[in-house]
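Below: one structure, written as structure tokens.
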Amino acid sequence: MDAQLNNKMKHLLFVIVIGATVCLLFHTAKLSAWLILLLFGYVSVVFIRDYILKVNLQGMAGLLFLSFQLALATALSIGSESFFAQIYILVLVGEFSFHHSRNHSIIFTMMSYISCVLGLYIYRQFPPFNEIVYILPRIIEYFAIFGVSQLAKIAFQQKNQLAIDNEQLRIASIALEKKTQLQERTRISREIHDSVGHTLTSALTGLQTAAHAIEKNHYSIAKEMIDRTKDYILSGLDDVRSSVHLLHENILDEPFIPELIKLIDDTKKQTRVEIAYEIDPIMPDLLPMIELTIYRALQEGLTNGIRHGSSTYFHFSLTYRDECIRFILSDNGKPPAQFVLGFGLKAMNERVKEVGGELMILNKGSSEGVTLDIRIPFQTKKTERSEQIV
């Protein structure tokens with residue numbers, strides 16, 4: 001139970017007990033020493049229970065205290081004709097019903113009502129029929145208190161559950177925000193690595209070619225390569241700007257196939273490597289995320305082959321068969337002695353997995369280069385509609 005609400009209820013009920021005690025002292029015609037002793041005994045038990053021992057009423061100690069209080073309240077009801085003596089019993093019914101199960105509360109309510117009837121029976125010498133009015137209506141009072149307490153408990157439990165759900169939702173929202181931030185950082189690092197890395201690798205290769213031409217006194221070739229490198233770096237700046245745009249849109253600016261061919265032609269022109277390619281003419285319209293995954297995989301594969309494998313020849317094929325997109329990029333470079341996935345290949349693998357695909361890196365031998373094999377399941381809209389019709 002909420003501590004603040006518990007304290008408020010405890011103070012309110014104690015005030016009611018004190019008020020009932022004062023009224024009972026002034027309302028009872030036949031006061032006696034033992035009745036006064038019972039009254040102050042009952043008040044003392046409530047005070048000790050709530051303010052000294054701070055008993056948990058839901059536990060066994062609380063059950064014993066409530067039962068003992070019921071016995072005292074019954075004795076007060078027997079020894080006094082005043083209605084205020086029965087307020088103690090009604091308060092106990094409310095407390096018990098709020099802190100215990102419904103079935104146990106019904107039993108306690110019945111016991112409380114029986115104690116009330118017992119007190120009236122002893123005091124008024126029942127059952128004269130004309131006095132039956134003192135018994136029957138009282139059962140409504142007791143079960144009304146029981147019902148109100150049960151409703152209050154249900155409302156409090158629902159409030160607590162709502163607070164718990166809101167807290168869980170807040171925690172989940174914070175976790176989702178952190179996850180989103182991490183995904184966005186990963187996405188930015190991928191884009192920077194793929195676009196800038198490819199541009200710098202191609203530019204470096206062009207400058208190395210120009211330097212080699214100068215050493216051989218082939219100044220015209222060197223000038224041509226430097227001009228090409230300059231143009232490629234400018235193009236790379238545009239690519240960086242496009243990458244920044246991609247961080248927001250996550251799609252390519254131009255049609256997919258022409259963008260792939262442009263990437264291949266620009267790489268061939270700048271690095272003077274040979275790239276043969278086959279692109280399936282019946283390639284379906286792909287989702288933007290799949291298009292971007294294929295584009296970045298080709299970009300990273302070419303960059304890695306040139307930078308790390310010193311490749312001079314690539315063969316690229318992109319086909320669509322049996323509802324599966326097949327990406328294969330092979331090179332003639334020298335594979336590393338021990339193959340370790342760097343940042344670029346890890347990012348490529350993550351991209352492929354995000355679209356439901358699988359990446360395999362094949363290394364058949366020191367003279368056969370490296371092959372990137374990507375398979376991405378993809379179902380066309382036409383196929384989906386035909387399956388729904390069937």
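Which residues, counting only those in region 228-255, are farther than 13 Å from residue 271 by Cα and modelled with pLDDT of 75 or more?
Selection gives 255 alone.
Quick one: which of 31, 64, 72 is open to solvent by less than 70 Å² (accessible area, probe 1.4 Å) and more than 42 Å from the chain's Cα centre (by Cα)?
Working: 31 fails: open to solvent by less than 70 Å² (accessible area, probe 1.4 Å); 64 fails: open to solvent by less than 70 Å² (accessible area, probe 1.4 Å).
Testing whether each residue is open to solvent by less than 70 Å² (accessible area, probe 1.4 Å) and more than 42 Å from the chain's Cα centre (by Cα) leaves just 72.
What number of residues within region 5-47 satisfy the criterion of being part of a helix (DSSP H, G or I) and in contact with a Ser or Thr (Cβ under 7 Å, 6 or more places away or on another chain)?
5
Exactly one of these conditions fails for residue 42: (1) within 57 Å of the chain's Cα centre (by Cα); (2) surrounded by fewer than 17 Cβ atoms within 10 Å (Cβ to Cβ). Give me its number.
Here residue 42 clears every test but (2).
Taking the conditions exactly as written (charged (D, E, K, R), on the phi < 0 side of the Ramachandran plot and assigned to a helix (DSSP H, G or I)), does residue 296 satisfy them or not?
Criteria met by residue 296.
Just checking, which of 353, 346, 382 is under 39 Å from the mean Cα position of the chain (by Cα) and at pLDDT 90 or above?
Numbers: 346 fails: at pLDDT 90 or above; 382 fails: at pLDDT 90 or above.
Residue meeting the stated conditions: 353.
Residues are listed down the side, and each one gets a yes or a no for (1) closer than 30 Å to residue 100 by Cβ; (2) in a helix (DSSP H, G or I); (3) modelled with pLDDT under 65; (4) open to solvent by less than 70 Å² (accessible area, probe 1.4 Å):
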site: 137; (1), (2), (3), (4): yes, yes, yes, yes
site: 142; (1), (2), (3), (4): yes, yes, no, yes
site: 162; (1), (2), (3), (4): yes, yes, no, no
site: 223; (1), (2), (3), (4): no, yes, no, no
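Report whether or not residue 305 is in a loop (DSSP other than H, G, I, E, B), modelled with pLDDT of 75 or more and surrounded by 14 or more Cβ atoms within 10 Å (Cβ to Cβ). Before the answer, list the steps.
Values: in a loop (DSSP other than H, G, I, E, B): no; modelled with pLDDT of 75 or more: yes; surrounded by 14 or more Cβ atoms within 10 Å (Cβ to Cβ): yes.
Spelling it out, it is not the case that residue 305 is in a loop (DSSP other than H, G, I, E, B), modelled with pLDDT of 75 or more and surrounded by 14 or more Cβ atoms within 10 Å (Cβ to Cβ).
When both residues are 6+ apart or on different chains and their Cβ atoms are under 7 Å apart, which pairs have a first residue that lies in region 64-84 and is part of a loop (DSSP other than H, G, I, E, B), and a second that is not acidic (Asp, Glu)?
Matching pairs, first to second residue: 80/24; 80/28; 80/35; 81/123; 82/24; 82/27; 82/28.
Note down all Cβ pairs under 9 Å where the first residue falls in region 272-291 and is closer than 16 Å to residue 322 by Cβ, the second is open to solvent by 30 Å² or more (accessible area, probe 1.4 Å) and among the charged types (D, E, K, R), and they're at least six residues apart or on different chains.
Filtered contacts from region 272-291: 280/321; 280/326; 284/381; 284/382.
The values are calculated or read from the model by the stated rules, or taken from the named source; none is laboratory data. Everything numeric in this text was worked out from a predicted model, so none of it was measured. Glycine also receives a Cβ, built like all others from the backbone with ideal geometry; neighbour counts cover every protein chain displayed. Accessible surface areas use protein heavy atoms only, side chains included; no ligands, DNA or RNA. Shrake-Rupley method; radii C 1.70, N 1.55, O 1.52, S 1.80 Å.
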